[in-house]
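Peer 1: There's a structure below that I have some questions on.
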Amino acid sequence: MSGKWKLALLIVLGVALIGVGLVGVYMDDFPWSNTDNVVDGDSRMLPIPVLLVDENEDENIADYNIVAQQGQTSFFNNVSTPTLGYNGSFLGPVIKVRRGQLVNMHVQNDLAEDTSVHWHGLEVGGTSDGGPHQVIRPGTVWQPSFVVDQPAATLWFHPHVIGSTAIQVYEGLAGLLIVEDEHSDRLNIPKDYGVNDIPLIIQDRSFNRDGSFDYSSNMMDGVLGDTILVNGAITPTLKVDQINMRFRLVNGANARNFNIELSNRGEFYQIASDGGFLEKPVKSQRLFLSPGERAEIIVDFSAYNEGDVIVLTSGNIRIMTFVVGKKRVDTTEIPETLVEVATLDVSKVTAIKTIELNGMGHMVSLNGKQFDIHRIDDNVSLGAIEIWEITTLRTMMGGMGHPFHIHGTQFQVLSRNGKKPSEKERGFKDTVFVGAGETVRIIVQFKHKGIYMYHCHILEHEEAGMMGQLEVE
Ligand code: C2O
Ligand code: CU
Ligand code: CU
């Protein structure tokens with residue numbers, strides 16, 4: 001071939017390659033995928049939410065100021081996303097309270113719309129719960145006070161207003177509420193916040209080309225995103241020394257279930273569920289978390305070598321990466337036993353109730369009805385212990401599972417499909433996943449007066465009406 005022909009061929013090939021490249025970019029609806037997560041040759045580091053400062057000097061009283069506000073967040077280089085946050089542009093600070101403490105919250109709404117702040121998992125009176133009855137109008141402040149009276153646990157907070165819960169959470173309103181008590185003080189587990197005790201708020205989001213969130217609420221069965229955020233950063237990295245690391249995991253997604261594993265199938269220990277510590281650490285390789293659920297795990301990184309890279313995954317989704325660092329003296333331990341979990345007394349049960357979660361997409365119902373804020377669906381007397389049997393239908397198309405949550409209480413799982421629940425579900429919980437065709441029996445006590453919600457924690461299902469309310473008197 002002559003030189004001229006060679007040159008022509010090269011030009012043709014070059015043009016073809018550029019063409020393929022352009023089509024590739026053009027057809028990619030999500031230009032910033034999980035894999036495009038490299039900043040200056042380094043992965044994004046895991047942000048650690050700040051601990052909110054208690055404004056009260058008296059250690060028996062806490063005063064916390066929270067402002068719901070609008071902001072801009074850079075999830076990608078040179079692109080900013082309009083977001084919402086508490087005291088910042090996305091997500092919020094961690095609020096730490098102690099059992100026995102009187103807590104005064106001052107929640108200011110600087111948004112242009114109504115909001116509310118619900119303390120998910122907190123056992124407080126109905127007027128402090130922050131559900132749809134405690135709307136905070138723009139420019140106003142809501143100031144609930146309560147005494148913390150429940151075991152150490154990882155709880156969280158998020159909006160709960162009719163019609164905009166799902167979108168406000170999606171845009172960034174969520175934060176962690178940590179309860180500590182004398183048991184958590186005494187345990188020699190990792191508890192140095194931000195050092196060996198790390199919160200992981202796991203969420204999924206989709207983005208438009210201009211960087212804004214793509215919240216497509218007409219998606220069937222809740223909004224799923226194609227990009228994973230942990231503490232507000234896209235599939236970030238955390239450097240860990242060769243020590244015990246405790247992670248407080250929150251499934252903060254609107255609708256996605258996570259099946260959490262380490263990429264090397266390594267083992268870890270689950271030490272807590274939604275409402276606090278399990279009786280003893282449960283060794284496993286996998287952790288299932290449906291929306292709203294939390295768990296605490298300890299990973300013993302002393303079993304790894306410097307430079308090891310371990311990815312936290314869910315199926316084929318990358319959540320985040322751990323890069324193992326140096327060996328270091330570690331005085332913490334994974335104890336044989338954690339706490340004694342008190343059990344609610346089945347012989348004191350005064351009512352057995354059934355909850356049927358049905359439907360898909362926008363056609364959802366709870367006990368055949370859709371939520372009505374002017375209707376109380378259930379009355380409970382103060383202190384009553386009840387059994388609730390929660391079922392979901394298996395339909396011809398298979399049906400789907402729903403994470404069922406009750407406000408203002410922590411319950412225990414008695415059985416799943418007639419069988420004793422797994423060790424991971426034997427602690428206190430406030431959200432339980434009920435798979436398609438499953439029946440889950442829980443035992444629950446209502447210790448405070450007021451009106452409380454119970455609902456599916458797929459936020460789009462909740463908003464489509466898969467929610468009821470009960471009144472404790
Ligand atoms: Cu996470 Cu009704 O709440
Ligand atoms: Cu809740
Ligand atoms: Cu649901």
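Peer 1: Determine the dipole magnitude for the range 61-185: charges of +1 sit on the beta-carbon of Lys and Arg, -1 on that of Asp and Glu, nothing else is charged, the reference point is the Cα centre, and the result goes in debye to the nearest 20. Please report the intermediate quantities before stating the final value.
Peer 2: Working: 4 positive and 12 negative charges, 46 e Å.
Value, rounded to 20: 220 debye.
Peer 1: Using bins 5 angstrom wide from zero, how does P(r) for the range 170-320 break down, in % of all Cα pairs?
Peer 2: In order of increasing distance, the bins hold 2, 8, 18, 22, 20, 14, 9, 5, 2, 0, 0 percent.
Peer 1: Still on this structure: Apply 1/(1 + (r/R0)^6) to the Cβ-Cβ distance of M45 and R286, taking R0 = 35 Å, and write down the FRET efficiency to the nearest 0.05.
Peer 2: 0.85
Peer 1: Hey, another quick one. Determine the shape class of the range 241-339: with a ≥ b ≥ c the square roots of the Cα gyration tensor eigenvalues, call it rounded for a/c under 1.5, and otherwise prolate if a/b is greater than b/c, oblate otherwise. Walk me through the numbers on the way to the answer.
Peer 2: Working: a/c = 2.21, a/b = 1.17, b/c = 1.89.
Oblate, since a/c reaches 1.5 and b/c is not below a/b.
Peer 1: Restricting to the chain, compute how many DSSP beta bridges are antiparallel as a %, nearest 5.
Peer 2: Within the chain, antiparallel bridges account for around 70 percent of the total.
Peer 1: How much mean residue ellipticity at 222 nm does the chain get from its helices, if each DSSP H run of length 4 or more adds -39500 (n - 2.57) and you divide by all residues, to the nearest 500 deg cm²/dmol?
Peer 2: On the way: 4 runs with 42 residues, N = 473.
Helices in the chain give a 222 nm mean residue ellipticity of -2500 deg cm²/dmol.
Peer 1: When N is the residue count of the chain, what does its C-alpha Rg come to as a fraction of 2.2 N^0.38 Å?
Peer 2: Numbers: Rg = 23.6 Å, N = 473, 2.2 N^0.38 = 22.8 Å.
Dividing the Cα Rg of the chain by 2.2 N^0.38 Å gives 1.03.
Peer 1: Computed on alpha carbon atoms, what radius of gyration and Dmax characterise the range 346-472, expressed in Å?
Peer 2: Rg, Dmax (Cα atoms, Å): 13.9, 41.
Peer 1: Any chance you could give the angle, 0 to 90 degrees and rounded to 10, that helix 3-27 forms with the longest Cα principal axis of the chain?
Peer 2: 10 degrees
Peer 1: Rule-of-thumb check for the range 61-185: C-alpha Rg over 2.2 N^0.38 Å?
Peer 2: Numbers: Rg = 14.7 Å, N = 125, 2.2 N^0.38 = 13.8 Å.
Relative to the 2.2 N^0.38 Å estimate, the range 61-185 comes out at 1.07.
Peer 1: If you stretched the chain out fully between D149 and E57, how much longer would it get, using 0.36 nm times the residue separation minus the C-alpha to C-alpha distance?
Peer 2: Value of the extension gain: 31.1 nm.
Peer 1: With Cβ to Cβ distances under 9 Å as the rule, what net charge do the other residues near K191 carry (K, R +1; D, E -1)?
Peer 2: Value of the local net charge: -3.
Peer 1: While we're on this one: Hey, quick one: spin label on N208, modelled 7 Å out along Cα-Cβ, who in the range 46-84 has an amide N within reach, i.e. under 19 Å?
Peer 2: Counting only backbone N, you get 70-84.
Peer 1: Take the Cα of E423, step 7 Å along the line toward its Cβ, and report every residue of the range 242-275 whose backbone nitrogen sits under 17 Å from that point.
Peer 2: Inside the label zone: 266-274.
Peer 1: Okay, next question. Calculate the spin-label point distance for R137 paired with D110, positioning each point 7 Å from the Cα along the beta-carbon direction, and give it in nanometres.
Peer 2: Using points 7 Å along Cα→Cβ, the separation is 2.1 nm.
Peer 1: So how much slack lies between S415 and S216, counting 0.36 nm per residue of separation and subtracting their Cα-Cα distance, in nm?
Peer 2: 68.0 nm
Read the figures in this text as sums done on the coordinates, not as results from a lab. All figures in this text were calculated on a predicted structure; none of them were measured in a lab. Because the Cβ atoms are built from the backbone with ideal geometry, glycine has one as well, and the counts that use them run over all protein chains shown.
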